[in-house]
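Peer 1: Sharing a structure with you now.
Throughout, read-outs are computed from the coordinates displayed, never taken from laboratory work. This is a predicted model, so every value here is computed, not measured. In this analysis, Cβ positions are derived from the backbone assuming ideal geometry, glycine residues included, and neighbour counts consider all displayed protein chains.
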Amino acid sequence: LRHLAGKVRFDTRESSVTVGQTDTPLRLVNYSNQVFGSDAQMRGYGFPFAPRHGMLQLEMGNFRIAAIEARPENLGAGIEVKRRLPKFEFIKTWDGQRGFLDMYGGFQRYRMERLADDIEVSSWALGIGGAIQITPVVVKATIGRYRNGRKAGWRGGGTPMINSADGNIIDADAWQGAIVMKALASSRISFETGFGYQQEKSDTRGPDEQSR
């Protein structure tokens, strides 16, 4: 099941409430098409990707904020998720004559139990993106910063670990960005190319992990 949601619009028609499962705010930050092989629209290689889960979303003009069902994962054997809160995501869009600008972000926190200790994992994301059209070329780009993002379902957002010595969380910070260029040959034909970059580093100060 991919989409099952209902929307109620207010009298002004500039505001609405959505309840159900459909695209979340961060899932809208996907400016690339499926072009070649298994590029997967560069999800996790520059663009964030948020899974569709049940949510309650408030939309006011070009601003969306949603409380989303959280499905956090354990960090290993013998660890159980003890308390979970909704995941929050937002996106704000400014439209212009030749393009648009997005600001987006999200936050999630949950608690796990390991032996007699409680462990809290916090994830967050913050980024900007947009597009500009200079006929016949359209350029779209985004850049974002993440902490423990993969535990919130955001691809390319860093994966935390547990320190075996003291049982504390080792946070993983990451940033990723992408640029996509589309040339319009006609109203039906276009050519698209793009480049994405992702870098991740944990608090252990080990080597960076990079993906292109």
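Peer 1: Among rounded, prolate and oblate, which fits the range 104-175 when a ≥ b ≥ c are the square roots of the eigenvalues of its C-alpha gyration tensor, a/c under 1.5 means rounded, and a/b larger than b/c means prolate? Before the final figure, lay out the partial values.
Peer 2: On the way: a/c = 5.13, a/b = 3.44, b/c = 1.49.
Prolate.
Peer 1: Now for a different question. With respect to the cross-link table entries 7/182; 151/182; 82/151; 92/201; 7/92, which display a Cα-Cα separation exceeding 25 Å?
Peer 2: The answer is 7/182; 151/182; 92/201.
Peer 1: Could I ask something else about it? Grab the Cα-Cα distance for residue 117 and residue 195, subtract it from 0.36 nm times how many residues apart they are, and report the gain in nm with one decimal.
Peer 2: On the way: separation 78, 0.36 × 78 = 28.08 nm, distance 4.31 nm.
Length gained between residue 117 and residue 195: 23.8 nm.
Peer 1: Moving on to the next point. Please give the FRET efficiency for residue 166 paired with residue 56, using the beta carbon to beta carbon distance and R0 = 45 Å, rounded to the nearest 0.05. Display every interim value, and only then the final one.
Peer 2: Working: r = 38 Å, r/R0 = 0.84.
It comes out at approximately 0.75.
Peer 1: Cα centroid distance between the range 2-35 and the range 119-178, in Å?
Peer 2: Between the Cα centres of the range 2-35 and the range 119-178 lies a distance of 21 Å.
Peer 1: Quote to one decimal, in nm, the extra length available between residue 82 and residue 186 on full extension: 0.36 nm per residue of separation minus the C-alpha distance between them.
Peer 2: Computed gain between residue 82 and residue 186 is 31.9 nm.
Peer 1: Moving to a separate point now. Quick one: which residues, 5+ away or cross-chain, put their amide H under 5 Å from the amide H of residue 30? H built at 1.01 Å from N.
Peer 2: none
Peer 1: Turning to a different aspect of this structure: If I take R0 = 25 Å and measure r between the Cβ atoms of residue 7 and residue 132 in this structure, what FRET efficiency does the formula 1/(1 + (r/R0)^6) give, to the nearest 0.05?
Peer 2: Details: r = 30 Å, r/R0 = 1.21.
E(calc), rounded to 0.05, equals 0.25.
Peer 1: Here's something else I'd like to know. Near residue 55, within a Cβ-to-Cβ distance under 15 Å, what is the net charge of the other residues, with Lys and Arg +1 and Asp and Glu -1?
Peer 2: Numbers: positive: 2, 7, 27, 52, 64, 71, 84, 87; negative: 23, 59, 69, 89.
Around residue 55, the charge tally is +4.
Peer 1: Starting with the highest mean, order 153-159, 191-197, 49-55 by the number of other Cβ atoms within 10 Å, averaged over the residues of each peptide. Show your work: numbers first, answer last.
Peer 2: On the way: 153-159: 25.6, 191-197: 16.3, 49-55: 19.0.
The most tightly packed comes first, giving 153-159, 49-55, 191-197.
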